[in-house]
Structures are given as structure tokens and as C-alpha cells.
1. Any residue in the stretch A:1-9 that is facing chain B (nearest Cβ under 7 Å) and either touching a strand residue (DSSP E or B) at 6+ places or on another chain (Cβ under 9 Å) or not acidic (Asp, Glu) (or both)?
2. Considering only residues that are among the aliphatic types (A, V, I, L, M) and assigned to a strand (DSSP E or B), look in the stretch B:20-63 and name the one that is surrounded by the most Cβ atoms within 10 Å (Cβ to Cβ).
3. Quick test for you: out of A:Ile88, A:Ile73, A:Ile45, A:Ile82, pick the one residue that is more than 9 Å from chain B (Cβ to nearest Cβ) and crowded, with 18+ Cβ neighbours inside 10 Å.
4. Only residues in the stretch B:811-840 that are without any contact (Cβ under 8 Å) to a residue 12 or more places away in the chain and under 30 Å from B:Met789 (Cβ atoms) count as the first member; pair them with residues that are of a type in the set (Phe, Trp, Tyr) and surrounded by fewer than 24 Cβ atoms within 10 Å (Cβ to Cβ), Cβ under 6 angstrom, at least 6 apart or cross-chain, and list the lot.
5. Looking at the stretch B:200-215, I want the residues that are in contact (Cβ under 8 Å) with a residue 12 or more places away in the chain and have a partner that is among the hydroxyl-bearing types (Ser, Thr, Tyr) with Cβ atoms under 9 Å, at least 6 apart or on another chain. Which pairs are those?
6. So which residues in the stretch A:53-63 are facing another protein chain (nearest Cβ under 9 Å) and in a helix (DSSP H, G or I), if there are any at all?
7. How many of the residues making up the stretch B:761-780 are part of a loop (DSSP other than H, G, I, E, B) and surrounded by 15 or more Cβ atoms within 10 Å (Cβ to Cβ)?
Amino acid sequence: MIEIALIIGFACFSLALVLNLYRLAKGPGIADRVLALDTMVINGIAILILYGMWEGTAVYFEAALLFAMVGFISTVAYCKFILRGDIIE
Amino acid sequence: MALTLIVLLPFVGALLPGLMIRAGRNGCALATGAVTLLAFVLLMSQAPAVFAGEVVHARWEWLPAIGLDANFFLDGLGFLFAGLILGIGLLIITYARFYLSRNDPMGQFYTYLLLFQGAMVGIVLCDNILLLLIFWELTSLSSFLLIGYWKHLPEGRQGARMALAVTGMGGLAMIAGMLILGEIAGSYDLSTILQEGEAIRASQWYVPALILILLGCFTKSAQFPFHFWLPHAMAAPTPVSAYLHSATMVKAGIFLMARLWPVLAGTDWWFYIVATTGLFTMVMAAWIALFKDDLKGLLAFSTVSHLALITFLFGLGTPIAAVAGVFHIINHASFKAALFMTAGIIDHETGTRDIKKLGGLMVLMPITMTIATLAALSMAGVPLLNGFLTKEMMLHEALHTEWAGVPWLLGAAAVVGAIFSVAYSFRYIAHVFLGPKRDDYPHHPHDPPFGMYLPPLILIVPVVLIGLFPAAVAGPLVAVAADAVTGGNLPDYHLAIWHGFNLTLVSSLAALALGAFLLWRHRQANAVRLSVPRPEAKRIFETLVDGAAAGARLFTDGLHNGSLRRYLAVMIGACILAGATAFLNASHAPGGRELTHVPIITLLAWAVLIGACVTIVIFHRQRLLTLVIVGVVGMLVSLGFVYLSAPDLALTQISVEVVTVILLLLALNFLPKQTPRDSGTGRRLRDGLLAGLGGLGVGGIIYAVMTRDFTTISDFHLAQSKPGGGGTNVVNVILVDFRGFDTFGEIIVLGIAALAIYALLDGALNGPAVKRLRSWVPDQERARDRHPMMLVVATRVMLPLSLMVGLFIFLRGHNEPGGGFIAGLVVAIAFLMQYMASGFGWAERRMKIDYHLLIGWGVLAAGFTGVGAWIAGRPFLTSDFAHVHLPVFGDFELATAMAFDVGVFLTVVGSVMVALANLSRLARVTEGPISDDPMDVDPQRRGPGTGMPDAAHTGKAEG
């Protein structure tokens, strides 16, 4: 049962990744692209967690945790750059 | 031991003058003199052994693996030279004290002098030709400093450069020659090489080795065609000229010829190269010296001539000629150093060294006149002075040796050289001291203070004594030194003034008479000189140097003109060529490994990665966008690491990505947001082709490797990780334990890099760049809210959580994925968040950590952990671990590697923060003072429109 759920989960998030790439390439604005990247990171986290469940190990948990914790900082930095140009002022 | 000390003393003592100059010029000179005196006394304490025929050895293994040992030995030749270097050095130190003016930095001078002295003593005492090469180069470098001592004189700098270029080039040739010599002999130890004369002369490599070594000797000893640097080096202060160019440096080449005489001499090659060069240089330089109006120029060319005389004597290859050569080394050093010093005195007292402006100094400077006259007469070879004895011996050898079947050629040339020599020596007396007294000297000449004429006076004593009683005064020294030169085959000879009325005496007296006549007809002789073409050596040298520089520039620019595209194209093109050559000339077979199954999600991630790369290529001119897509690539690479079972790498990659993005955004702020289009279609096609081929090649190689089974070291590490390093996370154990020394080096490099960023930016912010920064106008519209409240609140909440995660990752690093490096990055990011949210000024005031110190502490902590192993009597960085049991926490393990990891952690935090904080300083220069508030909005104030962000700009600021 859980395997089917995992496969469906994989399928959804993988599709999401591809759609993110489409948005990244298409744009049109830089903000859209930053958002695409941010969403991509979130999808990546999801895939990591699913993969850990699939393999039955907790080793990947830290990577997911770190992604979640610091991944958004790049997004913040991009946004601050777009807003102000200077990210540490 | 005493030998090593003699060599080391001047080097160690070189620290003294710089300190002692604070105690005044006398203190400085005394300290320098004391160092040299001590070395001299040590040398003299070995004299009984040397005169008893012993060879004193001191051996110390340095790098035995490459045959480089700090071995020293003292025989007669080494004793003679070391005595000259230290003895005359002592006189020069005294002389320089009075010669240098108050404006000259005396401490510097004596430091250079001692460095030079140490290098020279090293050359003459060392027993290892590799060590000799080191000292040889040291003399080139230290003499460069000495010749260019008067930095304000362009002639001084040019002369120093020329001397360094010529002698340095010779030194390079000599390195090759010495290596060949060592290979033939099977050892780099001189004492061994000296025993292998037969084998070396019989070797087919003898001629190349001989020519290369002679290149070194001839450049150093200023033999034709390399003689031109010595006169230009006369721009140095006179003590330097007297020391380097009479007694020591230029004699290094002579010394080496004497030292290797038993090995290299005695063949036709040796005779025709060395003797011919020597004789030709002797005549030519003597002729030029005759017409030099500069006193030091005259002496410089006369030095070239006399060095050539010694070269000629060694070149003859007979033991008796070698004895004469050794004897002339002593004689020349004494009278030439004295002459240089008198030239310096005349320059010092009259204000000029131009012979045309001098004359009639006899009554004004009687003491100087006496010293100079005796020395010059000796140089001319007048009987009862020491120069006469060796000139006789030289003429005798020249008259009785035939050259290519012509019996009279060498003799005739030697007599001609002697005539010129007499003429310029007499000129030094006649045109300077004799003649009517003049009243147009630049200064009022008078004899110098006692301390200044004492050194040349001391040197005149041996000139006269050896001249009168050669066998008694110089006999024993010449005997032991010549014994060493001839390798124990000392011929039957006796040093005496009177050898009977013979051809030699006749030609010697004829030379004196004809020399005097030539001086009388100096004007006519000069007319003859001016009528023949005279190549200007300096111009030729400069043309050669300029040509070489232009050639090198052409070659470098052709490969690498500063354009990254060109550089990459050359590099990748070369790789492709090399790879293709290898690929097309070998057989190929597919790897035998079975391909693994590819799940669809992996395929998808791979497709996204490719898609992101293609997108970068399309949008690469929009820099911000490129940066965003690079983020995608980084994320996918991190996922790839996880997928391929490398969680440590994944954690590192994730944190490095963030730091990279912040770093690049900080830089991008001041850079154009668009890359200009600057390559045409043709070039883009070329670059695309190269990139495609290169990528295919690398992919092919990786495919070939991964489809084959290969042995790896991983299994060993996996097996040893727990028993050897006490941790189950093999990556971390490798980093902090197995390869801890590498990591130690790497964190030092990391710290240096961060400090270099600080230094560079600090320099830039204090330089002209500040003006540009102040007038810099942001090239994009800016939102008004600098510190959005949401971000501020979120980062505050995140800070303790992030620090907790950092600590967690650090602590578990030894057994599970994590470790000091990742933890350092995580903590640095946690700090950076605060800087980004509330601004640099606000965060800086609340952050009580000095990041520079943090780097230092990190490196120290790691270093001390390594040193700790010494206390346990084990090598640096040997780790240890123990299992500890605590009531509540249960079993856990303490490893010294943990302390090392703390060092890594601190260095990483410090380096990241120093680098990024300093980059952000650039932006702060462009703006005015910033408020101390954590955010622009004050949440306690109520009411509409209080500085809320104007979101209208956000959509427009697209790259």
C-alpha cells in the first residue's frame, strides 16, 4: 500500500519539477524564475523525504532538513537583490 | 662543527646590524665586525690542522633522498679563500664605516654585506655541489642588493640588474652542469667527485658538463664575452666594489675552476676553452683599462684582466701553472682591494673619480699616494713587490707553452697583455698623483681619517712582504692551497725573486719599459683605439634583453591575452588534441560492467538538469537569471549526491550553494547586469564546437571508467574507519584523521584566502576606488523598505534553530553525516541571515565576535591538537579516542579528532564571515549612515502608511 502511495508521490513531485523547469525557462519576470527555483527546492525536499521512506532509512533526513533551513535564504537573497540591489546593507 | 658555525655566523649575524644601527653607526660597524672577526678566529683555529695537511669535515644530513646534504670541508684552497673573504671583509667593514655618509642606511648595508659574506664562505667551504649551487645563487642575489645599494642612482639599479641577469644566467647553466657532473660521479659530494677525475674526463657527458660549468664560472668571473657586467657594477659604493669585485664574488668563478681543477683540467677541451678565453680577455680588458678615465672603471677592467690571467694559468692545465694561479689569487686580492679603497678615498676627498680632473695629488694626499703607488707598482709587476712574482711565473708558463702547434703565440700575447697592464698601472700613479697641483678639484683634497686609510695600509703590508720574502711569507699558504688544487700532485717549485737572467726576465723588463713608453704616448694610443670599431656591450645586452622580453610577451599573449575565452579555447583545444591522439592510436573495448537500472524519476531529474544547463546557455548574458538557474543546477547536484549515497557531500553542497549565491549577488550589485555581446558567429561556432567535443570527451572517459571494475581504496577506509579512527562516518574520519594533515593545510589556505579578500578590499577602499564608489548610482530602481519586518522576524526565530542544527551536525559528524566543515557553513549562514535581515551595522554591533581572530583560533586549535600527539610521543596529528560512560547520557566516545574538528569549524565560520562581511563593505561606502533599528518599520507605532514597503517596483526590476 505504502509503495503505491510513494510511487504516486514520486510521480506528482517529479512532474512538479518539470513544470518548475518550464516556468524557469519561460519566465517571464525574474521574480517568476526565483519563485520557480524556490518551488523546485521544496519539491526537492519532498522527493528526498519520499526517497528516504522508499529506502527505509533516516540518512537523507538531514539533507532535507538543511535544504528546508537554508534553501529559503537563497530565495531571500535573490529577492533582496531584486528589491534593493544590495543584499547586506 | 666549527665549519658549520663559520658558514652560519654571517647569516645569523646579518640580523645584528639592523638592530645595532639604533645604537649608532659605530655600534653597528662594531657588531658587524665582531661577527666577522669571530668567524675569522674560528677559521684560524683550524689553521694548524690545515697546514698539517689534514682535511677538516663537518657533515649534517639535510635531504639525503636527493643527495643534498649540508656537508662542509676545509682544505688548503677553502682555507685560503675563506681567509680572504673574512679577512678582507673585516677591513671592508672598517673602511665602510668611514666611507658611508650619514644619509646612507648603514644597517641595511652591513646586513647585505654579511649575507653576501655568508654565501661566499658557504661556496668555498661546502662539500656538496647542490649546496654549492644554493650558495652560488645566494651570492648573485646578495650582490644584487649590494650593487644596487644606492637605490636613487639609475646606474646603480641598472648595473645591479645587469649583474644579476648575467651571473644568474650563468648560474642556471651551472646547475645543469653540476647535475651532469653529479650523475657521472654518482654522488653530489665534492670529496667523492674529486676522486672520480678519470671517470669524469672519460665520460661522453664530460664536454657538456664542462661547457655548462664554465659558463657559470666565466659569467661570475667576468670573462669574455660576459665581462661587460663588471664595469657597470662599479656604480656600487666603493666598499662593495673593493669587496665583491676584487677579493670575493668575481673570484667565485676562479675558485670553482680551482676546486674542480683535478677533475676537469688536463684535456684539450679545457686547455683551448679556458686558456684561450683567459688570455684573450686578459689582453682585451687591459687595453680597455688603459683608456678608462673613471678610476673605478680602470680598476674594473684591470680586475677583469687579472681574473683572466688567473683563468689562463688554470687553463694551461699544468700543476706548476696552477701553483702560479693560486699565488696570484693572493697577490691580486691584496693589491686590488687596496687600490679600490684608494680610489674610494680619492673620490671621497676630491669629489671626483675622473682622471682628467685629477693630477698633482702627491703633495695634498701623501699617505694615500704612498699606498696607491705601492699597490699600483705591484699591479704593474715591478720587482720587490708581490705582483712581480706571479707576473714572472705567468710569462714563464706562457712563453714555454705552444698553442695549436704555434710555440710563440701564447708568449707574445702574454707580453702584450703585460705591456698594457704596466701602462694602466703607471697611469693610475702618473695621471692622478703626479703632475702639477690643480686648483679646480670639486673639494679640497687632503688625506682621509685614520680609519679610512688603515685598511688599505694593512693590505699593503703583505704586498711588500711577499714581494721581498715570497717563500717565507706566502710559501706555506700557497703550498697547502695549491696542493688542494692539484689534487696532491704538487710540482717541484720555489718562490723566489731571482730565477737567473733568462727569457722571462727579459720579456718582463721589456714589458715595463714598453708599458711606460705606451703611457708616454697615451694620446696617440687613444687615437688608435678610437679609430677601431668598439661594440658597446651595454647596448648589445639591452637589445638582447628587450628582444627576449618581446619574444616572451609575444608567446604569452598569443596563448593567453587576458581573454578568458582565448585561454579556455587554447586549454580545452590542447586537451582535446591530446585526448584525440591517444584515442585514435589505441584499441577500444566497451567496459564489462553491467549497466544499472535507471528509475524513471532519476531520468526525470537528469532531464531537468540538462534542461537547466541548456537554459543557462540561452540566457547566459542575463547575469541574475544565470545565477538563478545555477541555483537549480546546484540543487539537482545536491540531490544527485544524496541519490548516489554521498550524504556528506550533499550537506556540504547545499550549504555551499547558499554561500555562493550570497557572494555572487554581493559582487553582482556593482557589475553590469548584462554581459555585453562580444563574440561573432564564427567565434561562437568555434567555442561551441570545442565545448561540445570537450564535453563528449569527458563524458566518454567517465563512461569508460564507470563501466569497468577497478580497485579502490574505499574498502580499506571503510574497514579502518572504526578501529583506526574511532568513528563510523568514514568521510569525516578521513577528513579529520586519516588525511588530517591535508585538512590542516586546507583550513590554513581557507583562512589565508579570507584574509586576502580583506586585505584586497581594504586596500581598494583606501585607494582611488573609493571615489568611484561614492559617486556610484544604483543601476536599478530600489524598493524603499530596506529591512522587511517579515524577514527580520523570521530570521530571529531561525537563529537558535539554525545554531542548534549546526551543533547537532557538528557533534554527530564523526559517526553520521556531518562534521566541522558543514557545521561551520550552517552557523555562518545563520549569522549571515541576521546581517541580511537587519543590515550590517545593526548585526555587527550585536555580534561580539572578531571573525579574524576566529580564523586564527581555528587554525591554532587544529594545530595544537596535532601538537598534542607529540606529548604522547607520537607523530604530529596522530589521533586517539576513548569510550566514556556517563550516567545519564550513556556510552559515548571522545576523540582528539573532535578538537581538530573544532578548529575546522572555527576557521570555516571565520573565513566565510570575513569574506562576505568585507564584500558587503563595498556597498556601505556608497550609502550614508544607516539607522540602528533592526527594521524600517516600528511595530509599536500605529497608524497607516508608516514606511510600509512600496511594492510597486518589485515587478519591474527584471535583469
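1. No, every residue in the stretch A:1-9 fails to be facing chain B (nearest Cβ under 7 Å) and either touching a strand residue (DSSP E or B) at 6+ places or on another chain (Cβ under 9 Å) or not acidic (Asp, Glu) (or both).
2. Filtering first and then ranking leaves B:Ala58.
3. On inspection, the qualifying residue turns out to be A:Ile45.
4. If the second residue must be of a type in the set (Phe, Trp, Tyr) and surrounded by fewer than 24 Cβ atoms within 10 Å (Cβ to Cβ), no pairs are left.
5. Qualifying pairs under 9 Å: B:Ile200/B:Tyr206; B:Arg201/B:Thr267; B:Tyr206/B:Thr267; B:Val207/B:Thr267; B:Ala209/B:Ser203; B:Leu210/B:Thr267; B:Leu214/B:Thr277.
6. A:Glu62, A:Ala63
7. Count: 2.
Listed here are the residues, each with its yes/no results for (1) in contact with a strand residue (DSSP E or B) (Cβ under 9 Å, 6 or more places away or on another chain); (2) among the acidic types (Asp, Glu); (3) without any contact (Cβ under 8 Å) to a residue 24 or more places away in the chain.
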position	(1), (2), (3)
B:Glu137	no, yes, no
B:Leu146	no, no, no
B:Glu155	no, yes, no
B:Leu164	no, no, no
B:Ala173	no, no, no
B:Glu183	no, yes, yes
B:Tyr188	yes, no, no
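The values are calculated or read from the model by the stated rules, or taken from the named source; none is laboratory data. Since the model is a prediction, treat every value here as computed from it, not as a measurement. Here the Cβ is made from the backbone with ideal geometry for all residues, glycine too, and neighbour counts use every protein chain on show.
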